[in-house]
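**Student:** First the structure, which I've put down as structure tokens, then a few questions once you've had a look.
The values are calculated or read from the model by the stated rules, or taken from the named source; none is laboratory data. Worth saying up front: this structure is predicted, and the values here are computed from it rather than measured. Reconstructed Cβ throughout: ideal geometry from the backbone, glycine too, with neighbour counts over all protein chains shown. Surface areas here come from the heavy atoms of the whole protein model, side chains and all, with no ligands, DNA or RNA. Shrake-Rupley method; radii C 1.70, N 1.55, O 1.52, S 1.80 Å.
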Amino acid sequence: MMNKIKRAFRCGISLLSVLALLSGLGLSVSAAADGASLDLTQTGSVTLELADGDGNTVSGGKITIYQVAELYFNDGDMAYRYTDDFDGCSATLDVTDTSLAATLAAYVRNKGISGTTSSVSSKGKVTFSGLSLGLYLLVQTTASENYETISPFVVTVPYESDGAWVYEVDASPKVGTVTRKVPDEPDKPPRPKKKTSESSSTTTVSVTYASTLPQTGQLNWPVPVLACCGMLLFALGWAMRMSGRKEQDV
């Protein structure tokens with residue numbers, strides 16, 4: 001009886017081992033099937049729609065798309081490698097890096113890289129089709145009237161959703177809300193200049209007065225001499241007058 005129990009236990013262990021092995025093989029096959037279902041020869045598209053914070057359609061302006069990297073398989077794993085235009089870029093191709101788009105946009109400006117440009121329709125939409133699989137950078141090169149330009153962003157074509165590959169990419173969530181441009185304040189009129197009286201044609205001459213009177217060159221010695229002469233003449237005249245009275249009395 002005990003032998004039968006041991007034999008049954010061993011059979012159960014063996015069965016569980018086989019099921020576990022089959023389960024692992026099944027997962028590997030499933031993962032391989034997902035990778036194999038990705039057709040590198042297929043093309044995709046990127047569509048985006050512009051709207052402001054009130055849900056109003058934002059039309060006009062131009063969007064430019066650049067293929068930054070191409071998709072390929074590396075030992076059965078998906079990977080990206082730079083295209084020829086971006087071959088000199090040193091940024092790591094990490095799509096989860098929020099600064100990647102700004103870095104790539106700066107590289108585009110510095111190197112003068114050209115992309116494919118399309119105008120935003122009256123419905124606020126723009127679509128780029130016939131895209132080979134890879135990583136793309138989108139930049140608004142011309143702003144919509146009365147709106148700010150959207151921030152650059154990156155998308156992958158295709159992307160995986162619920163175990164399936166989506167080749168027609170809707171990038172509207174990447175755009176977010178388009179910001180309305182704040183109008184510039186009107187220039188203030190120049191302040192009126194204070195009215196000044198017209199300058200007179202008469203020329204004003206500044207005169208500086210000396211603190212002391214100027215010397216005339218006259219000497220002081222004649223003053224007492226003249227005074228003495230005057231007294232002498234007065235005495236002589238008085239004497240002559242007295243002499244005349246005496247003669248009359250005789």
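The rows are residues; the columns are (1) in contact with a Ser or Thr (Cβ under 9 Å, 6 or more places away or on another chain); (2) at pLDDT 95 or above; (3) farther than 30 Å from Val182 by Cβ; (4) hydrophobic (A, V, I, L, M, F, W, C).
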| position | (1), (2), (3), (4) |
| --- | --- |
| Asp34 | no, no, yes, no |
| Thr64 | yes, yes, no, no |
| Ala79 | no, no, yes, yes |
| Cys89 | yes, yes, yes, yes |
| Thr117 | yes, yes, no, no |
| Gly134 | yes, yes, yes, no |
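**Student:** If I ask for residues that are open to solvent by 60 Å² or more (accessible area, probe 1.4 Å) and touching a Phe, Trp or Tyr at 6+ places or on another chain (Cβ under 9 Å), which ones from the range 38-65 would you list? I'd like the intermediate steps shown before the answer.
**Tutor:** Restricting attention to the range 38-65, the residues satisfying the condition of being open to solvent by 60 Å² or more (accessible area, probe 1.4 Å) are 39-43, 49, 53-54, 56-57, 62.
If the condition is that a residue be open to solvent by 60 Å² or more (accessible area, probe 1.4 Å) and touching a Phe, Trp or Tyr at 6+ places or on another chain (Cβ under 9 Å), then Asp39, Leu40, Gln42, Thr43 are the ones that fit.
**Student:** Give me the pairs, please: first residue somewhere in the range 152-168 and part of a strand (DSSP E or B), second residue anywhere and open to solvent by 50 Å² or more (accessible area, probe 1.4 Å), beta-carbon distance under 7 Å, and either six or more positions apart or on two chains.
**Tutor:** Phe153/Lys174; Val154/Val95; Val155/Lys174; Thr156/Val95; Trp165/Ser37; Val166/Tyr159
**Student:** Might you let me know whether the range 77-99 holds any residue that is farther than 15 Å from Val46 by Cβ, touching a residue at least 40 places away in the same chain (Cβ under 8 Å), open to solvent by 50 Å² or more (accessible area, probe 1.4 Å) and under 24 Å from the mean Cα position of the chain (by Cα)?
**Tutor:** no
**Student:** Report, by residue number, each residue of the range 112-163 that is under 21 Å from the mean Cα position of the chain (by Cα) and among the aliphatic types (A, V, I, L, M).
**Tutor:** Looking only at the range 112-163, we keep the residues that are under 21 Å from the mean Cα position of the chain (by Cα), and these are 112, 137-153.
Once the filter is applied, which keeps residues that are under 21 Å from the mean Cα position of the chain (by Cα) and among the aliphatic types (A, V, I, L, M), the range 112-163 yields Leu137, Leu138, Val139, Ala143, Ile150.
**Student:** Return the residues of the range 42-56 that are in contact (Cβ under 8 Å) with a residue 40 or more places away in the chain and of a type outside the set (A, V, I, L, M); say none if nothing qualifies.
**Tutor:** Result: Gln42, Thr43, Gly44, Ser45, Thr47, Glu49, Asp52, Gly53.
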